[in-house]
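To start, the structure under review is shown below, and the notes come after it.
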Amino acid sequence: MDDERIFLDRERCVRAVQSKDARFDGWFFTAVLTTGIYCRPSCPVVPPKAEHMRFFPSAAAAQQGGFRACKRCRPDASPVMDDGGVPALARRLGYSVRQVERQLLAELGAGPLALARAQRAQTARLLIETTPLPMGELAFAAGFSSIRTFNDTVREVFALSPSELRERAARSRAGHHGAGRPGAGQAVASQAPAAVPLTTLSLRLPFRAPLAPDSLFGHLAATAVPGVEEWRDGAYRRTLRLPHGHAIVALRPQPDHVSCQLFLTDLRDLASAISRCRRLLDLDADPVAIADLLSSDSVLAPLVGKAPGRRVPRTVDPTEFALRAVVGQQISISAARTHAARLVTAHGEPVSDPAGGLNRIFPDAARLAAVDPDSLAMPRSRRASFAALSTALAEGRVDLSAGSEWHEARAQLARLPGLGPWTIETIAMRALGDPDAFPASDLGVRIGARLAGLPDSVPALTDRAAGWRPWRSYAVQYLWAATDHTINHLPD
């Protein structure tokens, strides 16, 4: 599965569909010429004959080809930011509109408008099936500019009207849970204690199997900043700052998905919240390709075989993580949590949590840049580093956004005082999402390497790690997991 254009390999795609191989979900979509429907490779229905299959690189491309989404497997579209239209997207990327359209057509088989339309359709379906919102309000929450466009798009994509979709979902819930009782996918309007209106959504976040949840959720729980994050009732919970408001999310690992409960102040933030949660848990990684390469190393092979599917614990906010990384330089996890909690208590925006103990949103860079460094309970050198980073982030001199260039971001960070290789590579791994970042000087990495029988000096370990490229960030997870640290275990 190392070929990103797998949809062009017809024989391989046919085999995946016939075996209902869920590992290929998201890599391509199967359209059935005789029914006019498109599906995920793992669709539970009887596979069509090979000669009736047609393959697309994205759900949007399948829709653009005139096919409707399957009602059983519910293929999802790739998220696309459509605020400001194609010209705004092109400006942000630094390309012309024509270049953006050409590249998306080449890679995904559909232009930006078609991708955005597919995203809005999927968001609309989610809201229709999981909330009691009136259709008019729902249409605008999903990003449609008019009720007519909303109705036409839903009918075209799903072959059902919005009301029929809602009725179908209600019948399904009644069959599973009994009439009049909210089910796992049903939203319940809720009210926060401070009279902030929240809408609750219960979702399922799919992933490419396998997934090892212990070190992923264990790391997030062990490093949780009080007030912003917590582990409660088997779920990692945290607050989110979103474009139109804030949210609280609870993420709970399940055998074939991650259960996601969202408390949103503005439904327009739904797609953004889901995207951030998937990024946080690294759910779009390809564990099979990663395992294939790392298992070629005789020392790593047993570690990978013992727990295949380890993910990189990333972040919902790159700026937040970078600031926390500086706060945590050269101190224990417990001390880093304490220092971060002080920052949050003093400068974080208060919120109310209807289902737990969260009460703050991590302060943004602009707010922290205005803080007097002398008021921070840190050594002088770390105060200087923290102030320099928060100011650079607030002024845009350091770009850690999803579209940033990883090597340039490293160079920007390196220009700041007190940010050495460990901090920069840790930020690259968890905030930028670079799968090949490698903090070789990390104490946990070096201890794990020594326990596994690898060299633990930085130069020697770096040389040995050359064979793990481009997945060195995942090798880090296996080296960390070789130790008995609390980050490697799900809390009780």
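Out of Ala289, Ala365, Ala325, which single residue is under 23 Å from the mean Cα position of the chain (by Cα), touching a residue at least 40 places away in the same chain (Cβ under 8 Å) and more than 24 Å from Pro435 (Cα to Cα)?
Ala365
If you go through segment 146-194, how many residues are aliphatic (A, V, I, L, M), touching a Ser or Thr at 6+ places or on another chain (Cβ under 8 Å) and at pLDDT below 85?
7
Applying the selection to segment 143-161, what residues are surrounded by 19 or more Cβ atoms within 10 Å (Cβ to Cβ) and either more than 23 Å from the chain's Cα centre (by Cα) or free of Cβ contacts under 8 Å to residues at least 24 places away in the same chain (or both)?
Result: Phe144, Phe150, Thr153, Val154, Val157, Phe158.
So, in segment 245-270, of the ones that are farther than 14 Å from Thr199 by Cα and of a type outside the set (D, E, K, R), which residue ends up most open to solvent (accessible area, probe 1.4 Å)?
Only one residue tops the list, namely Pro255.
Quick check on segment 31-79: of everything there that is at pLDDT below 80 and in contact with a Cys (Cβ under 8 Å, 6 or more places away or on another chain), which residue is surrounded by the fewest Cβ atoms within 10 Å (Cβ to Cβ)?
Arg72
Take Ser381 and tell me if it is part of a helix (DSSP H, G or I), modelled with pLDDT under 95 and either open to solvent by 30 Å² or more (accessible area, probe 1.4 Å) or farther than 18 Å from Asp282 by Cβ (or both).
Against the criterion (part of a helix (DSSP H, G or I), modelled with pLDDT under 95 and either open to solvent by 30 Å² or more (accessible area, probe 1.4 Å) or farther than 18 Å from Asp282 by Cβ (or both)), Ser381 qualifies.
Answer yes if at least one residue in segment 359-368 is within 16 Å of Thr423 (Cα to Cα), at pLDDT 95 or above and assigned to a helix (DSSP H, G or I), and no otherwise.
no
Those residues that are without any contact (Cβ under 8 Å) to a residue 12 or more places away in the chain and assigned to a helix (DSSP H, G or I), I need them from segment 396-417; list them, please.
His407, Glu408, Ala411, Ala414
Open to solvent by 60 Å² or more (accessible area, probe 1.4 Å), modelled with pLDDT of 85 or more and within 22 Å of the chain's Cα centre (by Cα) - does that describe any residue in segment 7-16?
no
Out of Pro308, Pro313, Pro318, report the one residue that is over 20 Å from Ala250 (Cβ atoms) and either open to solvent by less than 50 Å² (accessible area, probe 1.4 Å) or free of Cβ contacts under 8 Å to residues at least 12 places away in the same chain (or both).
None of the others qualify; the one that does is Pro318.
The values are calculated or read from the model by the stated rules, or taken from the named source; none is laboratory data. Model, not experiment: these values are computed from the prediction. A quick note on method: Cβ atoms are made from the backbone with ideal geometry, for glycine too, and the neighbour counts reach across all protein chains shown. Quick note on the areas: whole protein, heavy atoms, side chains included, nothing else; ligands and nucleic acids left out. Shrake-Rupley method; radii C 1.70, N 1.55, O 1.52, S 1.80 Å.
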